[in-house]
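Enquirer: Handing you this structure, nothing more for now.
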Amino acid sequence: MQPFGATAELGGHGDHPFVQAPLQRRLHEVIPAAELVVEVTSAATAHHDRSTKAAGYAAAGVPLYLLVDQLAPDGPAVTLYGTPLGGAYRVLASVGFGSPLELPAPFRLAVSVG
């Protein structure tokens with residue numbers, strides 16, 4: 001799976017794309033209109049999903065990052081990150097699998113996983 005047809009700009013780990021450190025500053029050129037990025041963890045990608053990818057998307061100014069983390073330390077969770085500043089996000093909401101999570105504008109809908 002490749003996001004937005006951006007195979008030349010994004011590398012992959014397993015079947016999930018990730019942002020390589022040198023490309024973080026250029027991510028905005030690849031997906032200039034992205035309002036939300038969604039990642040689903042796997043055993044092979046969980047660390048990258050929680051750190052490297054989140055930092056890359058935040059540095060690129062992607063407003064929202066939704067992490068579906070089936071391997072979260074406290075149990076499967078869906079976490080919405082937002083308000084990117086200085087290459088980092090803050091947690092906007094986090095719920096366990098099966099509970100609804102409200103996405104803010106421009107989406108304004110509830111999602112539930114699990």
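Here, each number is a calculation from the coordinates, and none is a lab measurement. These numbers were taken from a predicted model, which means no experiment stands behind them. Note that we place each Cβ from the backbone using ideal geometry, even for glycine, and neighbour counts take in every protein chain shown.
Enquirer: Can you work out the Karplus-derived ³J(HN,Hα) for every residue in the stretch 98-114? Use 6.51 cos²θ - 1.76 cosθ + 1.60 with θ = phi - 60°, whole Hz, and x for glycine or proline.
Expert: Running phi through 6.51 cos²θ - 1.76 cosθ + 1.60 with θ = phi - 60° gives x, 9, x, 10, 7, 8, x, 4, x, 7, 6, 8, 9, 10, 9, 10, x Hz.
Enquirer: Which shape class, rounded, prolate or oblate, goes with the stretch 26-114 when its Cα gyration tensor gives a ≥ b ≥ c as root eigenvalues, a/c under 1.5 marks rounded, and past that a/b bigger than b/c marks prolate?
Expert: Oblate, since a/c reaches 1.5 and b/c is not below a/b.
Enquirer: Same structure again: Could you rank the peptides 59-70, 80-91 by their average count of other C-beta atoms within 10 Å per residue, with the highest value first?
Expert: 59-70, 80-91
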